[in-house]
1. Among the numbered criteria (1) surrounded by fewer than 15 Cβ atoms within 10 Å (Cβ to Cβ); (2) outside any loop (DSSP other than H, G, I, E, B); (3) at pLDDT 95 or above, which one does residue 115 miss?
2. Out of curiosity, is residue 145 farther than 25 Å from residue 91 by Cα, touching a helix residue (DSSP H, G or I) at 6+ places or on another chain (Cβ under 7 Å) and part of a loop (DSSP other than H, G, I, E, B)?
3. Quick check on my filter: what residues within region 65-93 are in contact with a helix residue (DSSP H, G or I) (Cβ under 6 Å, 6 or more places away or on another chain), within 30 Å of residue 197 (Cα to Cα) and not in a loop (DSSP other than H, G, I, E, B)?
4. Test residue 7 against the criterion of being in contact with a helix residue (DSSP H, G or I) (Cβ under 8 Å, 6 or more places away or on another chain) and assigned to a helix (DSSP H, G or I), and give yes or no.
5. Among what's in region 118-139 and is touching a strand residue (DSSP E or B) at 6+ places or on another chain (Cβ under 6 Å) and not in a strand (DSSP E or B), pick the residue that is farthest from residue 24 (Cα to Cα).
6. For region 164-187, does any single residue satisfy the condition of being touching an Asp or Glu at 6+ places or on another chain (Cβ under 8 Å), over 24 Å from residue 58 (Cα atoms) and in a loop (DSSP other than H, G, I, E, B)?
7. Just a yes or no: is a residue in region 212-220 among the β-branched types (Val, Ile, Thr), without any contact (Cβ under 8 Å) to a residue 40 or more places away in the chain and part of a helix (DSSP H, G or I)?
8. In region 11-38, what residues are farther than 19 Å from residue 136 by Cα and touching a Cys at 6+ places or on another chain (Cβ under 8 Å)?
Amino acid sequence: MLKESYLKTSLALLERVYLENQSTIETLGPKIAKSVAEGGVIHTFGSGHSEIIGREMVGRAGGLVCVSAILDTTGGFVENLHGYGRKMAERYDRNHGLNAGEFIIVISNSGKNCSPIEIAEYAKEKGLTVIAITSLSMSRKVATTHPTGEKLYEIADYTLDNCGTTGDAIVELPGRNQSGGPTSTLAGALLINLLQMEVLDNLIKNGDPTPLLISQNTEGGMEANLELARSYKGRLSKPL
């Protein structure tokens with residue numbers, strides 16, 4: 001019974017995510033495609049569980065090669081230590097480069113924690129366009145932990161709403177004051193891939209190359225991917 005409720009509610013939510021974010025994705029598509037065509041890298045960051053969504057774009061078959069993730073080695077344990085996010089961004093910048101004109105996708109379901117906010121701030125200072133993936137419903141209700149009083153969606157240039165509820169879980173357990181069944185990962189992965197599809201659509205329209213990785217488990221896959229990655233040497237967090 002619970003699994004059926006989760007499936008039905010999740011499918012309805014994903015349809016809503018698509019419809020409510022369609023205009024923003026269509027606005028971003030040609031802008032990111034232009035950056036990609038000029039050799040730019042798309043950067044991602046997600047703290048804690050949100051890192052899963054950031055990794056969804058990185059080094060995988062069917063995805064763009066030019067994607068690199070800022071990774072928190074603490075797994076989000078100190079995501080509310082003021083200044084830590086900026087230090088992560090600075091170190092990543094030294095190693096891989098956060099270049100003006102590029103794009104960064106920062107994922108935080110609540111949008112209230114220091115690390116994603118500070119990485120978004122640093123990226124904007126460097127001249128990148130910041131795209132937030134967050135739950136606007138939740139973020140508008142909770143208090144930020146950042147000293148500025150700002151939340152991620154207030155800093156970002158563009159926001160993609162995962163349409164999640166406060167607390168993320170969508171299925172109420174009968175007879176208990178509890179809910180299960182989170183949706184932020186499902187919705188975040190959908191948004192990431194919808195955005196990639198829109199970028200690819202624009203690259204095709206413009207007659208530009210579509211630098212897609214293919215499965216290394218197919219014949220010649222690894223060799224093709226290595227050749228594709230040559231022009232991004234030193235810029236990718238997951239080298240091929």
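1. It fails just one condition, (1).
2. no
3. Once the filter is applied, which keeps residues that are in contact with a helix residue (DSSP H, G or I) (Cβ under 6 Å, 6 or more places away or on another chain), within 30 Å of residue 197 (Cα to Cα) and not in a loop (DSSP other than H, G, I, E, B), region 65-93 yields 68, 69, 70, 85, 89.
4. Judged against the criteria, residue 7 is not a match.
5. Checking each candidate, the answer is 119.
6. yes
7. Checking region 212-220: not a single residue is among the β-branched types (Val, Ile, Thr), without any contact (Cβ under 8 Å) to a residue 40 or more places away in the chain and part of a helix (DSSP H, G or I).
8. Answer for region 11-38, where residues must be farther than 19 Å from residue 136 by Cα and touching a Cys at 6+ places or on another chain (Cβ under 8 Å): just 36.
The values are calculated or read from the model by the stated rules, or taken from the named source; none is laboratory data. The shown structure was predicted, so the numbers you read here are calculated from the model rather than taken from an experiment. All Cβ positions, even for glycine, are placed from backbone atoms using ideal geometry, and neighbour counts span all protein chains on display.
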